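Student: Structure below; questions to follow.
The values are calculated or read from the model by the stated rules, or taken from the named source; none is laboratory data. Since we're looking at a predicted model, the values are computed, not measured. Note that we place each Cβ from the backbone using ideal geometry, even for glycine, and neighbour counts take in every protein chain shown.
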Amino acid sequence: MPGHAVEGHQLSGFLPVPAGTIPCPHQLGMVETQFGPVEVALTGHGPAVLALHGGMGGYDMALILALGAFPTGYEIIAPSRPGFLGTPMGNLESAQAQADLFAALLTRLGRQQAIVLAPSASAPVGLAFAARHPERCAALIMMSPCTKRLHVPWHVRARLPFMQALARLPGVAAGLQWLTVNRAGWCARGLISDPELRARALAHPEAGPLMRSQLAILFKRLAERLPGTFNELVQLTTLPELPENAVRVPVLVIHGTADTMVPFDHATHIAVAIPGARLITIEGGEHSCLFTHIEQMRAGVSGFLTPLAMTPASA
């Protein structure tokens, strides 16, 4: 079985996956760590990026979001978090336990350090990683992050049991996936409410394909995305405050002012709590502002990393 070469090591079980629903070729496999197995996708060459994902995610969502935030010239390490797709939950419910798991993953891959990309509900894991493993965290980038206890709207709470029921019905998830692929414009209303921003994102030569990819994966392996999402709701509604001076690595926070899923004050909250943290405000941006403001997001990431000597590798 083909392996993925990592600094002189050969990891068995990694298979090449051509570009398709995810718009880049990648290697996909399972890595055994001291805390349990991790499903992970690898793509690109250059400074390492540990790309996390939020609710209803998996390695595929992590890859899509990382492709949006980073240009070519970085190595993207995109794991499925515990309870999502191929990574079992085990006893890894907490952000701290998941941070330790991903530090062990980097060790297994032979990576000493990585830039951590922690969007949305994965922000607590990114913060825990930076606090518990600062020597492994070259920088922390959080997009639309949940950084304090989150009030989850009733309609979101109601939607998950409904999706759990749908996942049990043969053919329903496949039908919903067909809709996301063939009626992307209509389905995109769930990601972006503003019709002008939505149309602009779908028409964008780079953001459009990425957003369509994100829509297409949501109902693929639906049942395998739900345990982690249910756990996430519990964790986010009981999230403790970050201890003072817990994070001392370079931190970038990017958040839209019109985010109704994770309010903008989560960004200002964490920017104040972490000394030296940089905040980039996306005026009018919603939770999926990566797609609607992709140039501004990428410019912000590049401007943050360049002074840290973490520029992309040459082709």
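Student: Kindly establish whether ARG157 is under 23 Å from PRO250 (Cα atoms), out of contact with any Cys (no Cβ under 7 Å at 6 or more places or on another chain) and either assigned to a loop (DSSP other than H, G, I, E, B) or modelled with pLDDT under 95 (or both).
Tutor: No.
Student: A further question on this structure: Kindly establish whether THR43 is at pLDDT below 95, surrounded by fewer than 24 Cβ atoms within 10 Å (Cβ to Cβ) and more than 23 Å from GLY228 (Cα to Cα). Steps first, please.
Tutor: Numbers: at pLDDT below 95: no; surrounded by fewer than 24 Cβ atoms within 10 Å (Cβ to Cβ): yes; more than 23 Å from GLY228 (Cα to Cα): yes.
So THR43 fails the test.
Student: I'm checking my understanding of the structure. Among residues of segment 285-303 that are polar (S, T, N, Q) and touching a residue at least 40 places away in the same chain (Cβ under 8 Å), which one is farthest from ALA118 (Cα to Cα)?
Tutor: Within segment 285-303, the first condition is being polar (S, T, N, Q), and the residues that meet it are 288, 292, 296, 302.
Remaining after also requiring touching a residue at least 40 places away in the same chain (Cβ under 8 Å): 288, 292, 302.
Details: SER288: 14, THR292: 18, SER302: 16 Å.
Among those residues, the one meeting the criterion is THR292.
Student: If I filter segment 141-160 for residues that are under 30 Å from ILE280 (Cα atoms), of a type in the set (D, E, K, R), surrounded by fewer than 20 Cβ atoms within 10 Å (Cβ to Cβ) and touching a Lys or Arg at 6+ places or on another chain (Cβ under 8 Å), do I get at least one hit?
Tutor: The answer is no, given that none of the residues of segment 141-160 is under 30 Å from ILE280 (Cα atoms), of a type in the set (D, E, K, R), surrounded by fewer than 20 Cβ atoms within 10 Å (Cβ to Cβ) and touching a Lys or Arg at 6+ places or on another chain (Cβ under 8 Å).
Student: Test ALA267 against the stated conditions and say whether it is touching a residue at least 24 places away in the same chain (Cβ under 8 Å), more than 17 Å from MET297 (Cα to Cα) and not in a loop (DSSP other than H, G, I, E, B). Before the answer, list the steps.
Tutor: Numbers: touching a residue at least 24 places away in the same chain (Cβ under 8 Å): yes; more than 17 Å from MET297 (Cα to Cα): no; not in a loop (DSSP other than H, G, I, E, B): yes.
It is false that ALA267 is touching a residue at least 24 places away in the same chain (Cβ under 8 Å), more than 17 Å from MET297 (Cα to Cα) and not in a loop (DSSP other than H, G, I, E, B).
Student: For MET61, work out the one condition from (1) within 24 Å of PRO312 (Cβ to Cβ); (2) under 14 Å from the mean Cα position of the chain (by Cα); (3) at pLDDT below 95; (4) not hydroxyl-bearing (Ser, Thr, Tyr) it doesn't fulfil.
Tutor: With respect to (1) within 24 Å of PRO312 (Cβ to Cβ); (2) under 14 Å from the mean Cα position of the chain (by Cα); (3) at pLDDT below 95; (4) not hydroxyl-bearing (Ser, Thr, Tyr), MET61 is out only on (3).
Student: A further question follows. For segment 121-175, enumerate the residues that are over 21 Å from PRO275 (Cβ atoms) and touching a strand residue (DSSP E or B) at 6+ places or on another chain (Cβ under 7 Å).
Tutor: Answer for segment 121-175, where residues must be over 21 Å from PRO275 (Cβ atoms) and touching a strand residue (DSSP E or B) at 6+ places or on another chain (Cβ under 7 Å): just SER144.
Student: Condition check: farther than 22 Å from PHE70 by Cβ, touching a residue at least 60 places away in the same chain (Cβ under 8 Å) and hydrophobic (A, V, I, L, M, F, W, C). Does MET163 satisfy that?
Tutor: Taking the combined requirement at face value, the residue satisfies it.
Student: From (1) of a type outside the set (Lys, Arg); (2) under 15 Å from SER144 (Cβ atoms); (3) assigned to a helix (DSSP H, G or I), pick out the condition that doesn't hold for LEU179.
Tutor: Among (1) of a type outside the set (Lys, Arg); (2) under 15 Å from SER144 (Cβ atoms); (3) assigned to a helix (DSSP H, G or I), the lone unmet condition for LEU179 is (2).
Student: Which of the following residues is modelled with pLDDT of 95 or more and outside any loop (DSSP other than H, G, I, E, B): GLY303, GLY284, GLY276? I'd like the intermediate steps shown before the answer.
Tutor: Working: GLY284 fails: outside any loop (DSSP other than H, G, I, E, B); GLY276 fails: outside any loop (DSSP other than H, G, I, E, B).
So the residue among GLY303, GLY284, GLY276 that is modelled with pLDDT of 95 or more and outside any loop (DSSP other than H, G, I, E, B) is GLY303.
Student: Give me the pairs, please: first residue somewhere in segment 231-243 and charged (D, E, K, R), second residue anywhere and assigned to a helix (DSSP H, G or I), beta-carbon distance under 9 Å, and either six or more positions apart or on two chains.
Tutor: GLU232/ALA121; GLU232/SER122; GLU241/ALA273
Student: Please specify each residue of segment 203-225 satisfying the condition of being buried (at least 19 other Cβ atoms within 10 Å of the Cβ) and not hydroxyl-bearing (Ser, Thr, Tyr).
Tutor: The answer is ALA207, LEU210, MET211, ARG212, GLN214, LEU215, ALA216, ILE217, LEU218, PHE219, LEU222, ARG225.
Student: Among the strands (runs of 3 or more DSSP E) confined wholly to segment 13-130, which include 1 or more residues that are closer than 21 Å to LEU150 by Cα and hydrophobic (A, V, I, L, M, F, W, C)? Break it down into steps so the answer makes sense when it comes.
Tutor: Details: elements: 15-17, 26-33, 36-43, 48-51, 75-79, 114-117.
The strands (runs of 3 or more DSSP E) meeting that bar are 114-117.
Student: Against the definition (modelled with pLDDT of 95 or more, out of contact with any strand residue (DSSP E or B) (no Cβ under 8 Å at 6 or more places or on another chain), more than 29 Å from ALA299 (Cα to Cα) and of a type in the set (A, V, I, L, M, F, W, C)), how does ALA97 come out, yes or no?
Tutor: Yes: the conditions hold for ALA97.
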